[in-house]
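I'd like to ask some things about the structure below.
The values are calculated or read from the model by the stated rules, or taken from the named source; none is laboratory data. Owing to the predicted nature of the structure, the values given are computational and were not obtained by experimental measurement. Quick reminder, even Gly has a Cβ in these numbers, built from the backbone with ideal geometry, and neighbours come from all protein chains shown. Side chains included, ligands, DNA and RNA excluded: accessible areas come from the protein's heavy atoms. Shrake-Rupley method; radii C 1.70, N 1.55, O 1.52, S 1.80 Å.
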Amino acid sequence: MKDVFKAQKITEGVYWVGAIDWGLRDFHGYATHRGSTYNAYLVLADKVALIDTVKAPFKDELLARVASVIDPKKISVIVSNHTEMDHTGCLPEVIEAVEPERVVASKNGAAALAQHFPATTGIEAVEDGATVSLGNRTLSFVETKMVHWPDSMLSYLVEEKLLFSQDAFGMHLATSELFGDNLPRALLEDEAAKYFANILMPLTSFITKTLEKVQALGLEFRIVAPDHGPIYRRDEEIQWIVGKYAEWCAQKPTMKAVVVYDTMWGSTERLARAISEGLKAGGAEPEVMPLRGCHRSDVATAVLGAGALVMGTPTLNGMMFPTVADVLTYLQGLKPQNKVGAAFGSYGWGPAGVKQVQEILGAMKVELVGDGLKVKYVPDEKDLEAAHALGLAVAEKLKAVCTKS
Ligand code: FEO
């Protein structure tokens, strides 16, 4: 296998030994249209270290890539930066195969690993700020609770100024290209934004604190190596991705307005079309997302960069449409901030669906425009004018909010 699955060199004595999951299309409810990678890293030193492992089915590939450089038994230290099983699924088997001197994780990490893998003992907790000497190289650790889990930490290879950033700055993108600077920036921005929106958006206060903490430590980064997607090795791109994180944490409102809807017989769709015309006429930039063709995770990405969220639903059996409920449940958990919005939809017997959407948007602290536009059966000209007027009113509100911020 080591002649098939090879390590890739990042810098002197540091190798990528992870796995490319070309076939992944769902990551706990997030549509990964372009697959993903599970990055693990080998650090050659007097004492060899392995930073993170991979999802369980890829264990043999990981060990083969290590074996293409050194005998896996030479690994002395395994670091687990994050317990989620895309990075630890094969950890117990790797420990068994390698028999390292030490396996280290944060305090919360050691506890979480014990709960995930009760048969695996001896995992050592390292304190925030602790270091582990590899002889001629040093690893230091920075706790980053809730970026992404309570156990998360960063590892920093001091001599190389190389940050192993686990989920932070990552993206779900299967590629055999190791470095971000060899890929189109627009692709990186799309996938990094999607990752942030779907994985990190509810954690923005923790991310902001982590960025401040790392800045206060005065660490310099020559290379940033996340656990998913490409590695950043140029100053300009490291500054770019850190700047993007600051921007996405702030979620300053923009004139973009996302109109999300489903429809039964085309009436709610007609309203969506009229609303988008009103938004455009009012100076907003509508993005209309029919749920028959848009996945919840793409809606979340659009919402991250938007100032308005306008949701449309038919009423089916006294309830909002199931696809609308799905997206709203998902978005409510992701806690987007600083949005204005509105609800609309057609109904037959009673307009309960629009009211339900309105209530959830309110619970999400979306600043609502109007009382929810409800149209019986099929919209006539007056109804379409009302929908256009709603679009205009949302655009006006957006303008006011954008001017203030
Ligand atoms: Fe890539 Fe939170 O695991």
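Quick one: in the range 298-324, which of the residues that are in a helix (DSSP H, G or I) and over 23 Å from residue 255 (Cβ atoms) is least open to solvent (accessible area, probe 1.4 Å)?
Start the filter on the range 298-324 by keeping residues that are in a helix (DSSP H, G or I), which leaves 298-304, 322-324.
Now narrow it down to the ones that are over 23 Å from residue 255 (Cβ atoms): 322-324.
Working: 322: 82, 323: 49, 324: 0 Å².
By that ranking, first place goes to 324.
Residues are listed down the side, and each one gets a yes or a no for (1) in a helix (DSSP H, G or I); (2) among the hydrophobic types (A, V, I, L, M, F, W, C); (3) open to solvent by less than 90 Å² (accessible area, probe 1.4 Å):
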site	(1), (2), (3)
361	yes, yes, yes
378	no, yes, no
383	yes, no, yes
386	yes, yes, yes
389	yes, yes, yes
394	yes, yes, yes
397	yes, no, yes
402	yes, yes, yes
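Now, a different point. Go through 245, 261 for me and flag whichever is surrounded by 15 or more Cβ atoms within 10 Å (Cβ to Cβ), of a type in the set (Ser, Thr, Tyr) and either touching an Asp or Glu at 6+ places or on another chain (Cβ under 8 Å) or assigned by TED's automatic domain parsing to the domain that holds residue 314 (or both). Working first, answer last.
Details: 245 fails: either touching an Asp or Glu at 6+ places or on another chain (Cβ under 8 Å) or assigned by TED's automatic domain parsing to the domain that holds residue 314 (or both).
Only one candidate qualifies: 261.
Then there's this: Considering only residues of the range 1-23 that are among the aromatic types (Phe, Trp, Tyr) and under 26 Å from the mean Cα position of the chain (by Cα), which is least open to solvent (accessible area, probe 1.4 Å)? Walk me through it before giving the result.
So in the range 1-23, the residues among the aromatic types (Phe, Trp, Tyr) come out as 5, 15-16, 22.
The next check asks that each one be under 26 Å from the mean Cα position of the chain (by Cα); those that pass are 15-16, 22.
Details: 15: 44, 16: 9, 22: 143 Å².
Here the residue is 16.
Return yes when residue 371 is out of contact with any helix residue (DSSP H, G or I) (no Cβ under 6 Å at 6 or more places or on another chain), outside the structural domain of residue 194 (by TED's automatic domain parsing) and free of Cβ contacts under 8 Å to residues at least 12 places away in the same chain and no when it is not. Lay out the reasoning, then the answer.
Working: out of contact with any helix residue (DSSP H, G or I) (no Cβ under 6 Å at 6 or more places or on another chain): yes; outside the structural domain of residue 194 (by TED's automatic domain parsing): yes; free of Cβ contacts under 8 Å to residues at least 12 places away in the same chain: no.
It is false that residue 371 is out of contact with any helix residue (DSSP H, G or I) (no Cβ under 6 Å at 6 or more places or on another chain), outside the structural domain of residue 194 (by TED's automatic domain parsing) and free of Cβ contacts under 8 Å to residues at least 12 places away in the same chain.
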